[in-house]
Structures are given as structure tokens and as C-alpha cells.
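Okay, so here's the structure we're looking at.
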Amino acid sequence: MLAQLSGTVEPGRVLVVAGPNGSGKSTLLNILAGVIRPSRGEVRYRQDEGDIPRARWFAHLGVAAPDMAVYDELTAVENLMFFARLRGLEARLDSIGALLEELGLAAREHGRYVGTYSSGMKQRVKLAQAVIHEPGVLLLDEPSSNLDTAGHDAVARLVDRFRSRAAVAVATNDPREMAWGDARIELAL
Amino acid sequence: MRASSLLSESLAVLGKELTSELRSRVALNAVGLFALTTLIAVAYQIGPYKIEEADRPHLLSALLWIILFFGATSGLARVFVKEEDARTAKTLRLAARPLAVFFGKLGFNLILLLGLESLVVPLYCALMSYTVESVAGLALVMACGAVAMAASSTMVAAIIARASGSGTLFAILTVPLALPLLVVLIQGTKAAATSAALAAVFPALRAIVSLAGVTLVAAVYLFPVVWHD
Amino acid sequence: MTERKRSPWWPWVLFAWMALVIWAAFFYAPAAKGFKGESARIVFFHVPQAWVAVLAFCVNLIASLRYLRRRDLVDDARAAAAARLGLVFSVLATVTGSLFAKVMWGSFWNWDPREVSIAILLLVYAAYFALRESIPDDERRASLSSSYAVLAFVTMPFLVFVVPRIYWSLHPDTLINARGSIDMESRMFQVLMGALAGFTGLFSWLYTLDVRLARVGLKRRQSEES
């Protein structure tokens with residue numbers, strides 16, 4: 001249950017949503033992603049002075065959350081090609097490979113089924129699918145979970161890369177992640 | 001980002017389903033096993049000789065569809081239920097246009113049903129000595145029937161996956177929708193078996209095609225609601 | 001503090017009307033020719049029950065479509081109320097039809113297309129409630145069951161209208177036959193129309209009560225939440 005909230009997020013600033021467990025951080029991100037309908041109020045995304053219709057949000061949003069998974073029975077590369085194709089992109093193998101390596105997934109792993117990965121590796125693929133289509137809105141819920149320090153740094157670099165060209169919101173309890181934010185919403189129980 | 005079409009996105013989903021299924025083979029095994037077991041049980045008990053000549057056309061067509069339906073319902077819900085179970089549903093929901101998901105998964109269920117029919121029907125005809133006068137007519141009935149059955153089952157699968165996802169619920173919801181279809185399918189099959197004229201199957205075929213059409217139109221409106229809620 | 005409302009008068013009128021209809025079914029209408037003994041009298045109950053079962057289905061459809069458009073949970077309450085009554089009346093119609101079939105043709109079930117249609121309607125209602133029971137969240141329950149109701153509705157006409165054209169039917173010819181004239185003795189027709197009106201009134205009264213109760217429940221839950 002979230003009380004009244006309103007605001008605007010623009011490219012160039014990273015919004016951090018912080019608060020104890022159960023305060024509704026994931027719920028807020030779900031509402032922003034369009035997964036849950038708010039009982040009152042609305043979420044709008046604008047591009048070039050026009051609203052993006054909800055039916056097209058999938059092309060502009062990149063989301064990574066703990067309750068999402070990628071396909072275990074596909075390889076990392078197949079997963080990303082699939083998610084790119086869904087948005088009408090024909091992602092090239094080398095750019096997919098480069099993205100995965102940037103997130104810390106070694107090249108020799110790219111051709112193995114995601115089902116064989118550790119949770120840290122799965123998290124990296126999940127993050128990759130959130131950004132493969134260069135979205136204008138990036139919503140990350142606990143992005144460094146399951147990741148070691150190297151992974152955490154990779155996520156930090158990713159957020160920095162998108163900082164200037166996407167509206168980024170990060171829901172987290174991790175103080176290192178909170179440090180990425182220029183603006184913060186504190187939720188309380 | 002170049003504009004993409006519903007067709008290419010649906011094909012992407014279909015491709016993913018096929019790849020996924022060929023690697024895990026869960027639905028294939030379930031459907032094949034159920035259908036073959038039922039077929040063998042029926043063929044063993046009843047065989048080519050136990051039914052009176054006069055009763056053969058309608059009994060044999062009815063039995064055939066019981067076997068097909070039984071096999072089909074054991075695997076058609078999987079396209080959606082496995083997404084919810086594996087937690088990939090939310091990922092897919094956020095990444096794709098709803099109708100692309102629907103048509104891709106519909107395509108998969110259709111291929112599954114056509115495969116089932118290609119396997120079971122010839123075996124059945126052989127084991128039960130079911131002579132079919134109009135093979136073209138039978139093929140038409142089978143193909144259109146597969147489309148109609150895939151359309152309504154895919155829609156129901158989407159609904160139950162968002163509910164409890166259980167196979168029982170899928171069966172309970174599918175039966176009332178499938179019964180009218182089964183009635184006309186059995187009739188059409190009987191017509192193809194007893195008459196060499198292609199036109200004999202047309203009355204039933206008309207009903208099957210219109211049922212398929214109506215279900216697809218309803219699904220185009222209803223699926224986005226079910227998928228996103 | 002709610003003010004005391006005077007008890008509405010029309011349920012009493014309905015009660016009196018139904019009593020009259022029941023009396024008339026047994027004493028006013030003559031025994032029908034061509035039917036075994038007094039068995040035709042069941043028509044005065046069976047036909048209205050089947051009619052109400054179908055009416056309930058239509059009300060459910062409209063309420064479901066409205067929910068899908070406006071997302072107002074009251075529409076969902078209306079759909080559920082109509083479906084509950086539809087279930088009851090389709091059970092009644094199936095049972096009375098089956099009893100009549102036993103008396104007239106010697107067996108409880110004959111696979112006549114109309115018999116099958118009402119039984120399938122019953123299965124649709126049962127499926128509808130099975131679906132609803134399995135979903136705890138109000139809004140999701142409403143949108144999924146509304147979707148199923150619409151899906152079932154587009155499939156039903158096939159069984160009710162298309163299939164009987166292909167099959168021979170045991171059902172007595174419909175009252176309004178091809179010539180367009182009414183083929184029933186006038187007193188029987190009067191009682192039948194009276195029964196139809198009575199049963200429709202019964203449905204409408206029970207439906208209104210159910211929806212009113214549901215609205216109160218909804219309002220209470222909404223005020224608890226805010």
C-alpha cells in the first residue's frame with residue numbers, strides 16, 4: 001500500500017527508491033513498469049513532447065527485478081537475441097557478446113544454457129536483457145543482488161552509461177547502490 | 001529502432017517456444033504418451049472387429065476424437081503455465097507486444113496439435129481398420145479442427161496460468177468450450193470416412209471454420225486483458 | 001443511521017403471482033394432447049427455467065463486458081450474481097427436462113441438442129465459479145472471469161443454433177413454428193406466458209438482492225482499506 005506519490009524523472013538524474021523491506025519499493029517499480037495498475041493516479045512516459053502509449057512501453061522500458069527470470073533452456077546469447085527480436089531489433093552477435101562481457105560474463109559461458117549458470121551469472125544475463133534494446137527508461141530493482149564486487153562495479157558502470165540518456169530508477173537497500181542516486185525517495189513502512 | 005511487425009515478433013516467440021520445447025520435450029512427451037496410451041488401450045480392447053459394421057462410422061470417429069482431445073489437453077496449457085512457473089512470464093510481459101505472445105504461442109500449440117494428429121490418425125486407422133473414403137476431406141477437418149482447438153485452448157491456458165495454473169482447472173474450463181467443437185469435428189470426420197465426395201465435409205467444415213474465426217477474434221480482444229492483468 | 005425503509009410491496013406481488021401460476025399450471029390449463037397424461041404440465045416450469053438460465057447468461061455477458069471496459073467491481077458483482085442464478089436455473093431446467101424425458105420417452109437422457117445445450121451452459125457456469133474460486137485477488141478474479149465469460153459466450157451459439165440444424169431433435173417443435181403462428185392451445189399459452197413472467201420476476205428480484213448485498217460488501221471493504 002503506497003500513499004500519495006508524484007514526481008518526474010528525466011534522463012541525467014538517477015532516482016533511488018530506498019526503504020526497509022516491505023515498504024513497497026518493488027511495488028513502486030512494478031507500477032512504474034506498468035505491471036501493476038495503481039488504484040489511483042497514473043504513470044506517463046513522454047518522448048519528444050508526446051506521450052508514449054502503454055502498448056508501446058515494452059519497446060522503451062528496460063526492467064530487471066528479483067522476481068523475473070530469463071529462459072533456462074536457452075543460452076545467454078539466444079536469450080538476448082530473443083529479447084532484441086521482440087522489439088524489432090536484429091542484434092548482432094558481436095554486440096551481444098560485448099554487452100555480456102561488459103557485465104562480466106566470460107565469452108566461453110555465452111553458449112551454455114542459462115539453466116547451468118550460477119545465480120550471479122543469471123543476474124548478469126537479466127541485466128543484459130534490460131539494456132539490450134537501449135531503452136529510454138531503466139528500472140532496476142536490487143540490481144547488484146547475487147553479484148560479487150566485480151559484478152557490482154559492472155552494474156555501476158552500466159548505470160553511469162545510461163545516466164545521461166535514460167531515466168533511471170533504482171530500488172535498493174544497498175548503501176553502495178544508493179550512492180548512485182542524485183535524487184531519492186524514502187519509503188517507510 | 002526500426003519498426004517491426006507483429007508477424008516477426010510472433011515468429012520470434014514461436015521460435016523460442018519450439019527451441020525450448022525441443023530441448024526439454026516435456027509437452028511432447030506428455031501429449032504423445034497420453035495419446036498413444038489411450039490409443040493402445042482402445043485398440044486393444046476394441047480392435048478392428050468388435051464394433052458392428054453399421055455403428056462403425058460414428059463410433060470410430062467419436063473414439064478418435066476422444067483420444068486426440070485427451071492427448072491434447074495434457075500438453076496445451078504448458079505454453080503459459082511454464083512461463084509462470086519459471087518466472088519468465090514477467091520478463092516476457094515487459095518485453096513483448098501481447099498479441100505477438102498470443103500468436104507465437106498459438107502457433108506452437110497448433111504445431112503440437114497437427115503433429116499429434118499426424119501421429120495418431122494413421123495409427124488409429126491402421127489399428128482399428130478405419131477406412132476413410134475421403135482422405136482430403138479428413139485432412140481438411142483435421143487441419144481446421146486443430147486451428148479451432150488451438151485457439152480456444154491457448155486462450156484458456158492464458159487464463160488459468162494467471163489463476164492457479166493447475167491442469168484440473170484447465171480441463172474444467174476447456175470442456176464446455178470444446179464440446180461444441182468436438183461435436184462438429186466428430187461429424188466432419190464421420191462424413192469424410194463415409195463419403196468420397198469432398199463436399200460431404202463442408203457443413204461441418206463451415207461450423208469448424210466459423211468457430212475458429214469467432215474464437216480468434218474474441219482472443220484478439222481478450223488476450224491483452226488476460227495477459228496484462 | 002439508516003432510516004427504516006418500508007418493506008417493498010412487489011416481492012409480495014411476485015409471491016402471489018407465482019402461487020397463481022402454480023395453481024393454473026395444474027388446474028386451469030388443460031392436459032396437452034399427444035403427451036403422456038399430465039406430464040406436459042412440467043413445460044410451464046421447464047421452459048421458463050431454461051429461459052431464465054439463458055437470460056442470466058446474457059446478463060452475465062453484459063456485466064462482464066462492462067467490467068472489461070470500466071473496471072468497476074460492481075459490474076463484476078453483477079456478473080457473479082447473474083451467474084449464480086444462472087447455475088441454479090440451469091440445474092433446475094436440466095432436471096425438469098430430464099424428468100419429462102423419462103416420462104415421455106422412457107429414458108432420463110437422450111442427447112437431444114437442446115438438452116445438451118442446457119447441460120453445457122451448466123458446465124460453463126460451473127467452470128466460471130471454479131475459476132473464480134481459484135483467484136484470491138479481486139481485480140484479477142474479475143478480469144479473468146469476465147474474459148472467460150465472453151469467450152464462453154461466443155462459443156455457445158454454435159451449440160444452440162448451428163448443431164441442431166444438423167441433428168434431428170427430440171424436442172417438441174418450437175411453439176413459434178415456420179408459419180409464424182402460435183401452435184398452442186390458448187389457455188396453455190396464457191399459463192406459459194404467465195410462468196415466464198413470474199420466473200423472470202423471480203430472477204430479477206433475487207438478482208437485485210444479490211447485487212445490493214455485494215455492493216454493501218464492496219463499500220465496506222473499500223472503506224476498510226482507505
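Couple of notes before you dig in:
- Residue with peak Gaussian network fluctuation, chain A [Cα springs, cutoff 10 Å], from A:GLY136, A:GLY50, A:GLY12: A:GLY50
- Label point distance in nm, C:GLU133-A:ASN21, each placed 7 Å from Cα along Cα→Cβ: 3.5 nm
- Each Lys or Arg adds one and each Asp or Glu takes one away; over the other residues whose Cβ falls under 11 Å from the Cβ of A:HIS152, this sums to -2.
- Residues of the range C:93-117 with amide N under 16 Å of a point placed 7 Å along Cα→Cβ from C:GLU38: C:100, C:103-104
- Length-normalised contact order for chain B - Cα pairs under 8 Å, 6+ apart - percent: 27 percent
- Tensor-based shape of the protein assembly as shown (alpha-carbon gyration tensor, a/c under 1.5 rounded, otherwise prolate or oblate): oblate
- Placing +1 on the Cβ of every Lys and Arg and -1 on the Cβ of every Asp and Glu, with no other charges, gives chain B a dipole of roughly 660 debye about its Cα centre.
- Residue among C:LEU14, C:LEU73, C:THR200 farthest towards the positive dipole end of the protein assembly as shown, charges placed on Cβ: C:LEU14
- Calculated FRET efficiency for the pair C:LEU99/C:GLN190, C-beta based, R₀ 30 Å, to 0.05: 0.80
- Shielding by partners for peptide B:80-88, expressed as the average number of C-beta atoms from other protein chains within 10 Å of each residue's C-beta, is 3.
- Cross-link partners of B:LYS90 among aspartates and glutamates (Cα-Cα below 13 Å; sequence separation of 8 or more within a chain): A:ASP67, B:ASP229
- The heavy atoms of C:TRP10 present about 100 square angstrom of accessible area, all protein chains included, probe 1.4 Å.
- Positive end of the dipole of the protein assembly as shown (Cβ unit charges, origin at the Cα centre): among B:TYR124, C:VAL95, C:ALA29, the Cα lying farthest that way belongs to C:ALA29.
- Modelled FRET efficiency - R0 35 Å, B:ILE111 with B:GLN45, Cβ distances, 0.05 increments: 0.65
- Between helix B:202-228 and chain B there is an angle of about 20 degrees, using the helix long axis and the longest principal axis of the Cα atoms.
- Exceeding the 29 Å Cα-Cα cut-off - candidates B:LYS16/B:LYS190; A:LYS25/A:LYS122; B:LYS105/C:LYS219: B:LYS16/B:LYS190; B:LYS105/C:LYS219
- The B:SER24 and A:ALA106 beta-carbon pair, evaluated with R₀ = 22 Å, returns a calculated FRET efficiency of approximately 0.30.
- Here the spin labels are modelled as points 7 Å beyond Cα on the Cα-Cβ line, and at C:VAL216 and B:SER8 they lie 6.0 nm apart.
- Summed over all non-identical Cα pairs, the Kirkwood treatment of chain B gives a radius of 18.3 Å.
- Here the relative contact order of the range C:4-136, from alpha carbon pairs under 8 Å that lie six or more residues apart, stands at 21 percent.
- Size of charge dipole - the protein assembly as shown - debye, nearest 20, with Cβ of Lys, Arg +1 and Asp, Glu -1, no other charges: 1280 debye
- For the range C:1-153, a simple Cβ point-charge model (Lys and Arg +1, Asp and Glu -1, everything else neutral) yields a dipole of about 320 debye relative to the Cα centre.
- Chain A, relative contact order in percent, only Cα pairs under 8 angstrom and at least six apart counted: 40 percent
- Two-site label geometry, B:LEU36 and A:LEU5: point separation in nm, points 7 Å out along Cα→Cβ: 5.3 nm
The values are calculated or read from the model by the stated rules, or taken from the named source; none is laboratory data. What you are looking at is a predicted structure, and each value in this text was computed from that prediction instead of being measured. Positions of Cβ are generated from backbone atoms using ideal geometry, with glycine treated the same way; all protein chains shown enter the neighbour counts. Ligands, DNA and RNA are stripped out before the accessible areas are found, and what is left, the full protein with its side chains, is counted by its heavy atoms. Shrake-Rupley method; radii C 1.70, N 1.55, O 1.52, S 1.80 Å.
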